[in-house]
Each structure stands twice: as C-alpha cells, then as structure tokens.
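Here the structure comes first, spelled out in structure tokens, and everything after it is commentary.
The values are calculated or read from the model by the stated rules, or taken from the named source; none is laboratory data. Note that the structure is a prediction, hence the values are computed from the model and not measured. Ideal geometry is used to build each Cβ from the backbone, glycine not excepted, and the neighbour counts take in all protein chains shown.
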Amino acid sequence: MNFYDNGEELRREPGDGGIDFVDDFREYTILTQFKNYDEPGSIGPKYIRELEDIMSRYNKLTTIGVIIAPTKLSFSKKSVRRAKSSKYILILTDQPNLFSDLNRVIDSQSPFEFRIRSSQNIHFICFHFYFIIMIILLIYILFQNL
C-alpha cells in the first residue's frame, strides 16, 4: 500500500502496540494506525488515548501520531477534542487528506521546537566537549603541582 503522494512506502513494525506503520517523514517519526470504522462518530477518544500511550515511548517533539479512517466524519467530537488537547502531535484524517494534513501540521510546528529537535545532537557534543575540557584542566592542575 502506498500512502504518500511521493510514492514512499511505510514500514510495518511488529510488536508495536497497535501501530500499523512507522515511517520517517521530513525529520519526524510518523506512527500510523488505520481504523476501518465508517459510521459517523464511531472512533472515540479511547483510540486517541491508546495512541498517546504508544507515543509516550517516543520523543514527543519529533513524533507525529496519525489515525487514518475511511472518512474524517468517523471521528467523534470527543476524539477530535482529545486529539487537539493532547500533549502529543496528533492527526485524525482520511487517506485522501493524509499527505496535505501531514504537511500542514509539520509546517505549523514552531521554529523553536524545530531548533530543539535540530540541537539535540549539539547538546550531546557540548557535553563531551565540556568533559574533555575538564579532563585537560585536571591534568594541567596535576602537572602544576609536580
């Protein structure tokens, strides 16, 4: 199955707690669940809570949870409210709108959050630099006393 307009395939992750596909897209990890409920309002907040539970194991700044239904009308008002108030980035959509909704949400993320995601490796490097400087200072102090 192909879910992105650019022809990119999503990969299946076994033992993932209900996630149907996981993929990296525009520097984000996308956790995707499919729900085949076409009755209006049939997808309730229970499914949002389950996805949030799974997302708690991932970096919340670089992970987007997506639930895809046959139609956006499948989501109850309570599930939409739950998704909007979540501390995680969540998208409730249908297949025809997946790509546009995903890009819209990614484009709406604040530059500050993007800088945090981009700078995570910098923090790691700075820690090691600080550690090396401390070792050099310690060696310098030890040789001063000789």
Query raised in the report: So is Glu50 assigned to a helix (DSSP H, G or I) and among the charged types (D, E, K, R) or not?
Result: yes
Query - In the stretch 72-93, the residues that are more than 11 Å from Gly44 (Cβ to Cβ) and either within 14 Å of the chain's Cα centre (by Cα) or buried (at least 17 other Cβ atoms within 10 Å of the Cβ) (or both) - result: Ala83, Ser86, Lys87, Tyr88, Ile89, Leu90, Ile91, Leu92, Thr93
Requested in this report: Please specify each residue of the stretch 24-45 satisfying the condition of being farther than 10 Å from Thr63 by Cα and among the acidic types (Asp, Glu).
Outcome: Asp38, Glu39
**Report entry** Members of the stretch 60-96 that are in a helix (DSSP H, G or I), in contact (Cβ under 8 Å) with a residue 12 or more places away in the chain and of a type in the set (Gly, Ala, Ser)
**Finding:** Ser74, Ser79, Ala83
Requested in this report: Determine which single condition Ser100 fails, assuming it passes every other condition in (1) closer than 20 Å to Glu27 by Cβ; (2) in contact (Cβ under 8 Å) with a residue 24 or more places away in the chain.
Outcome: (2)
Query raised in the report: Does at least one position in the stretch 90-105 carry a residue that is at pLDDT 95 or above, touching a Gly at 6+ places or on another chain (Cβ under 6 Å) and under 28 Å from Asp20 (Cβ atoms)?
Result: yes
Report task. Give the residue, chosen from Arg57, Arg115, that is surrounded by fewer than 16 Cβ atoms within 10 Å (Cβ to Cβ), at pLDDT below 95 and touching a Gly at 6+ places or on another chain (Cβ under 9 Å). Result -> Arg57
